[in-house]
Amino acid sequence: MAQRVQGTEDLYDGYMRAWQHMQDVARDLFESYGFNMIETPAIEQVGTFVHGIGESTDVVRKEMFRVFSGALMERLLEAGSESGLKTKQRLAMRPEGTAGVVRAAVEHNFVPQGGAPKKLWYAEAMFRGERPQKGRLRQFHQVGVECLGAPDPAMDAECIIMLMEFYKRLGFKPEQLHLCINSMGDAKCRPAYRESVRQYIYDHKDQMCEDCLERAEINPLRSFDCKNEHCREVMKGAPLVTDNLCDDCAVHYAQVKKYLDEAGISYEEDPTLVRGLDYYTRTVFEVDVPQAGVGAIGGGGRYDGLVELEGGKPTPGIGFAVGFERIALALQAVGVSMEGEEPGCVYVASTSADERDAAFRTTLLLRQAGIRTEADYQGRSLKSQFKQADKHNARLCVVLGPDEVAANAATLRDMNTHEQAQVPMDQLVERVRERL
Ligand code: AMP
């Protein structure tokens, strides 16, 4: 039997409705903040992710799905190495949304010199070659936003406020949400800070795991969220970024917090919060639902150097991404369903095969009027058609028998009360509409 790839899911019925619901909530909210939707390709040149996400990150080093055509793969296997590949032949599936959006922003000059900020949102599948487990998939879905061209701390605050409102509209109570924020400094103050953390790790190297020693070389800040508890314990004594911010970053961070306070958003400052991707500068944030225990349900931050890394003019940026599958798990844990019911419909039933043609015409009539309509396609008995109607969540049945056809009318049956009334065909659409 054919099987889906491990760590991937089929989205259908209630689960699909939940994903669509999440997108609807996102669209309503994000567009009220002036964000327009964007979709970038699922495949990009590897360089886009390497520059954007950072060479030293797990995502780039271990988790990117690379893409080769069959013909290219054959050549590669023959050559035994991919060193002969041209840049445009090195492709990968997007592991996150920001790098692609920033690449598009550079390519289409979304933020010309002196232009207004460009605000974009997306709802897309992401691909990471991770070891599959609960809440950690190899193909998962995110909604996210990116705002380019706005250095003002008010934009950081607005993004966080909008994110928290998003969770609320999805059904979380504010007290169930745990928001952590931090400032990671910028190109001016972070290099020296990084160096001091590297030194701290070297000073404690006999207490740290192999991975952390490797991280000390390439990305020492990652040791703050090492999977090894002992390492995290040791890292509690490491220098904190918030004690090492330059004046500009400290002022920016203070202003973000002031705006959040003003908006009544509760948060915890976590000076050890470093997000997994290299591109963040200044504000970073992450949200989890402690009682759900599914890990982060979203996060983001500012990335003022990223547009330049992707070959554009210096342009500040900030964004966040929210994982659909984690949200579904977390909502389930707090007893909320995003699935909703299959929308109600009207079911067209006929008492015998003689009325089949009339049923066909009536079904078309209702659908042309934009009414969700189901009918029998299996020659079932009337009783069995009523059962089918219930399965389709039909609120009304339009019943056609010889009398109805002769009178150019239909019997309208309420599926809850079982009340029935005959309606002339030319009034059917209107009467169905009133009662749906
Ligand atoms: P990140 O881009 O790693 O900051 O992820 C943003 C959000 O996407 C996380 O908070 C999760 O909700 C979700 N996410 C990240 N990786 C995965 C994954 N492998 N499977 C499911 N959801 C994920």
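Figures for the structure shown
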| read-out | value |
| --- | --- |
| One residue from 99, 154, 116 being over 21 Å from residue 6 (Cβ atoms) and within 13 Å of the ligand (Cβ to nearest atom) | 99 |
| Region 279-326, subset within 15 Å of the ligand (Cβ to nearest atom) and in a helix (DSSP H, G or I), residue surrounded by the fewest Cβ atoms within 10 Å (Cβ to Cβ) | 325 |
| Failed condition for residue 131, given (1) within 16 Å of the ligand (Cβ to nearest atom); (2) open to solvent by less than 10 Å² (accessible area, probe 1.4 Å); (3) not in a strand (DSSP E or B) | (2) |
| Looking only at region 226-253, and only at residues there that are of a type in the set (Gly, Ala, Ser) and touching a Ser or Thr at 6+ places or on another chain (Cβ under 9 Å), the one that is most open to solvent (accessible area, probe 1.4 Å) | 250 |
| Only listed residue being farther than 16 Å from residue 301 by Cβ, of a type in the set (Gly, Ala, Ser), out of contact with any Pro (no Cβ under 6 Å at 6 or more places or on another chain) and open to solvent by 60 Å² or more (accessible area, probe 1.4 Å), chosen from 104, 116 | 116 |
| Flag if residue 271 is over 24 Å from residue 108 (Cα atoms), free of Cβ contacts under 8 Å to residues at least 60 places away in the same chain, open to solvent by 30 Å² or more (accessible area, probe 1.4 Å) and over 24 Å from the mean Cα position of the chain (by Cα) | no |
| Matching entry among 223, 183, 196 (being open to solvent by 30 Å² or more (accessible area, probe 1.4 Å) and among the small types (Gly, Ala, Ser)) | 196 |
| 3 or more residues in contact (Cβ under 8 Å) with a residue 60 or more places away in the chain and over 30 Å from residue 326 (Cα atoms): qualifying helices (runs of 4 or more DSSP H) within region 149-268 | 247-262 |
| Complete set of residues in region 293-314 that are modelled with pLDDT under 95 and under 20 Å from residue 227 (Cβ atoms) | 293, 294, 295, 296 |
| Residues of region 14-24 classified as in contact (Cβ under 8 Å) with a residue 24 or more places away in the chain and either more than 18 Å from residue 321 (Cβ to Cβ) or open to solvent by 60 Å² or more (accessible area, probe 1.4 Å) (or both), total | 4 |
| Enumeration of residues in region 110-154 that are in contact with a Phe, Trp or Tyr (Cβ under 9 Å, 6 or more places away or on another chain) and among the aromatic types (Phe, Trp, Tyr) | 121, 127, 140 |
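This table checks each residue for (1) among the hydrophobic types (A, V, I, L, M, F, W, C); (2) away from the ligand (no atom under 15 Å from the Cβ); (3) touching a Phe, Trp or Tyr at 6+ places or on another chain (Cβ under 8 Å).
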{"position": "11", "(1), (2), (3)": "yes, no, yes"}
{"position": "15", "(1), (2), (3)": "no, no, no"}
{"position": "34", "(1), (2), (3)": "no, yes, no"}
{"position": "37", "(1), (2), (3)": "yes, yes, yes"}
{"position": "57", "(1), (2), (3)": "no, no, no"}
{"position": "66", "(1), (2), (3)": "no, yes, no"}
{"position": "70", "(1), (2), (3)": "no, yes, no"}
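The values are calculated or read from the model by the stated rules, or taken from the named source; none is laboratory data. These figures come from a predicted structure and were not determined experimentally. When we count neighbours, we look across all protein chains shown, and the Cβ atoms used for this are built from the backbone with ideal geometry, even at glycine. What goes into the accessible areas is simple: the full protein's heavy atoms, side chains included, and nothing from ligands, DNA or RNA. Shrake-Rupley method; radii C 1.70, N 1.55, O 1.52, S 1.80 Å.
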